[in-house]
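Structure first, commentary second.
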Amino acid sequence: VAGWGVISDDWPGYSLDLFSYPAHYSGDLDCVIIPHGVIMDRTERLARNIMDELGDHDIVVLCVLKGGYQFCADLVDRIKALSRNSNRTIPMRVHFIRLKSYLNDQSTEDLHILGAEDLSFLAGKNVLIVEAIVGTGKTMKTLLKHVEAFGPKMIKVAGLLVKRVPHSSACVPDYVGFEIPNRFVVGYALDYNEYFRDLNHICVISESGKLKYKI
Ligand code: IMP
Ligand code: MG
């Protein structure tokens, strides 16, 4: 599919020896699937695409915590840089929403919107939902329904990663960084039971890593 970076199933990833990463995760990872620098370069381009389409609109950025915090911070940073350096600007507000659905590496049925306060200020606004990863799409579908109920003028979704999951609810974000194989990835704020958020590359977790941090 054109329009975003497709990482194929047979891509072995980069050897961990090529990059630096925290020693406390040695043995817990199989490979680096997207190095931090590539994430940043792709994010810069997504910011431009967003600017081209939404420039001169006021937007409310809705950051999906916790996994989305790093991507959201970097994306907002790049949009700010573009706004400083051109005549088109995007006045932005940033808001946070916290979701939780995964236990170990499995999506659970019950999705929690934590601290789900009143989002009625979204009425009539242009909303940009920023999420790190879309797997089955269940989370995004639930969130979209939740946000739509507050009557925004427009909703766009930016997702850094989309997984090729069989029987996904076909919830494709408007802006996608990379399409990745159906493997559990961590790093760049993505976690496995709260571990690995302090890793800057996006990596595939190893079987021993899964066991070590299993709940
Ligand atoms: P979905 O409902 O299956 O689309 O899952 C989306 C949510 O699950 C995301 O917001 C992530 O928090 C989490 N998730 C899905 N796949 C991964 C993964 O490979 N690594 C870390 N978190 C993931
Ligand atoms: Mg998680």
Note to self: Looking only at region 127-147, count every residue that is near ligand 1 (Cβ under 8 Å from one of its atoms), open to solvent by 10 Å² or more (accessible area, probe 1.4 Å) and under 23 Å from MET92 (Cα atoms) and tell me the total.
What the structure shows: 2
Next item on the list: Taking the residues in region 5-27 that are over 21 Å from LEU161 (Cα atoms) and open to solvent by less than 60 Å² (accessible area, probe 1.4 Å) as candidates, determine which candidate is farthest from the chain's Cα centre (by Cα).
Entry: GLY27
Check: Does region 124-178 hold any residues that are of a type outside the set (A, V, I, L, M, F, W, C), assigned to a strand (DSSP E or B) and more than 16 Å from ligand 2 (Cβ to nearest atom), and which are they?
Finding: ASN126, LYS156, TYR175, GLY177
Check: Of the conditions (1) free of Cβ contacts under 8 Å to residues at least 40 places away in the same chain; (2) surrounded by 12 or more Cβ atoms within 10 Å (Cβ to Cβ); (3) not β-branched (Val, Ile, Thr), LEU75 fails just one. Which one is it?
Finding: (1)
Margin query: Can you tell me which of (1) touching a residue at least 24 places away in the same chain (Cβ under 8 Å); (2) touching a Leu at 6+ places or on another chain (Cβ under 8 Å); (3) open to solvent by 20 Å² or more (accessible area, probe 1.4 Å) is the one ALA123 doesn't meet?
Written below: (2)
Notebook entry, point to check: Looking only at region 181-196, which residues are surrounded by fewer than 17 Cβ atoms within 10 Å (Cβ to Cβ), farther than 21 Å from SER168 by Cα and in contact (Cβ under 8 Å) with a residue 12 or more places away in the chain?
Noted result: ASN193, TYR195
Checklist line | ILE50, sole failed condition from (1) touching a strand residue (DSSP E or B) at 6+ places or on another chain (Cβ under 7 Å); (2) open to solvent by 60 Å² or more (accessible area, probe 1.4 Å) | finding: (2)
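The values are calculated or read from the model by the stated rules, or taken from the named source; none is laboratory data. Small disclaimer: the values here were computed from a predicted structure and weren't measured. Note that we place each Cβ from the backbone using ideal geometry, even for glycine, and neighbour counts take in every protein chain shown. Only protein heavy atoms, including side chains, enter the accessible area calculation; ligands, DNA and RNA are left aside. Shrake-Rupley method; radii C 1.70, N 1.55, O 1.52, S 1.80 Å.
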